[in-house]
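The values are calculated or read from the model by the stated rules, or taken from the named source; none is laboratory data. Keep in mind that what you see is a predicted model, and the values were worked out from it rather than measured. As a convention, Cβ positions derive from the backbone with ideal geometry for all residues, glycine included, and neighbour counts pool all protein chains shown. What goes into the accessible areas is simple: the full protein's heavy atoms, side chains included, and nothing from ligands, DNA or RNA. Shrake-Rupley method; radii C 1.70, N 1.55, O 1.52, S 1.80 Å.
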Amino acid sequence: MLFRSMHDDIGAGLTQISLMSETARVKSGVGASELLEIADTSRKLVKSLSDIVWSLGNEYKTLQELLAHLRDQIHDQLEHSGISYSISLPTEDFPHIITHEMSRNFLLISREMVNNVIRHSKASRFNVTGSLEGADLSMRFEDDGIGFDVGANSRGNGIRNIRLRIVRMNGTIDLVSR
């Protein structure tokens, strides 16, 4: 399949760049921050490519598959962040099947939410909770960070993209910050 070939070829190349950058940084000590950034960017691209391949691998995914993948993604993002976290997602058998577009949007929304906590919140604790209500999945991302002005115009596109993706999935979002 084309997607797996892309993953194997591009992913292997990015992994090699990441490892070479890390090795060069350790050996030289010169330009260490730039090499660390190259290695970090390469790792992030490998993860993004892996998620793309996963979400496009089949036309449809079950909710259980998506939530299992989401649990792994959140853990991978937070594992070395220094933030204490908990992930509580439904595990029961759920017959609804979702399209790859919905899977992809859901993963990107979740990744952006977690990235925002890591990069901006100064949180020490982060909780992700999901619940099923009939055919609806509700997600709650909650941290003990510094908060932000929900109504302010942001320089970035993160929250804007989250809102757009949720609208595309016929969902709703309620941002609360204290």
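Tabulated data for the structure shown
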| read-out | value |
| --- | --- |
| Which listed residue is over 20 Å from LEU63 (Cβ atoms), without any contact (Cβ under 8 Å) to a residue 60 or more places away in the chain and among the small types (Gly, Ala, Ser), from GLY151, GLY171, GLY134 | GLY151 |
| Out of HIS69, HIS75, sole residue that is open to solvent by 60 Å² or more (accessible area, probe 1.4 Å) and either at pLDDT 75 or above or assigned to a helix (DSSP H, G or I) (or both) | HIS75 |
| Pairs with Cβ under 6 Å, 6+ apart, first in the range 66-94 and free of Cβ contacts under 8 Å to residues at least 40 places away in the same chain and under 24 Å from GLU133 (Cα atoms), second open to solvent by 40 Å² or more (accessible area, probe 1.4 Å) and assigned to a strand (DSSP E or B) | ARG71/ILE87 |
| Number of the exception - GLU142 against (1) in contact with a helix residue (DSSP H, G or I) (Cβ under 8 Å, 6 or more places away or on another chain); (2) at pLDDT 90 or above | (1) |
| Of all residues making up the range 85-135, the number that are closer than 25 Å to VAL150 by Cα, open to solvent by 60 Å² or more (accessible area, probe 1.4 Å) and assigned to a loop (DSSP other than H, G, I, E, B) | 2 |
| Any hit, the range 74-96, residues being under 17 Å from the mean Cα position of the chain (by Cα), closer than 20 Å to LYS44 by Cα and acidic (Asp, Glu) | yes |
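Residue by residue, here is whether (1) out of contact with any Leu (no Cβ under 8 Å at 6 or more places or on another chain); (2) farther than 23 Å from ASP93 by Cβ holds:
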residue	(1), (2)
ILE118	no, yes
SER121	yes, yes
GLY130	no, no
GLY134	yes, no
GLY151	yes, yes
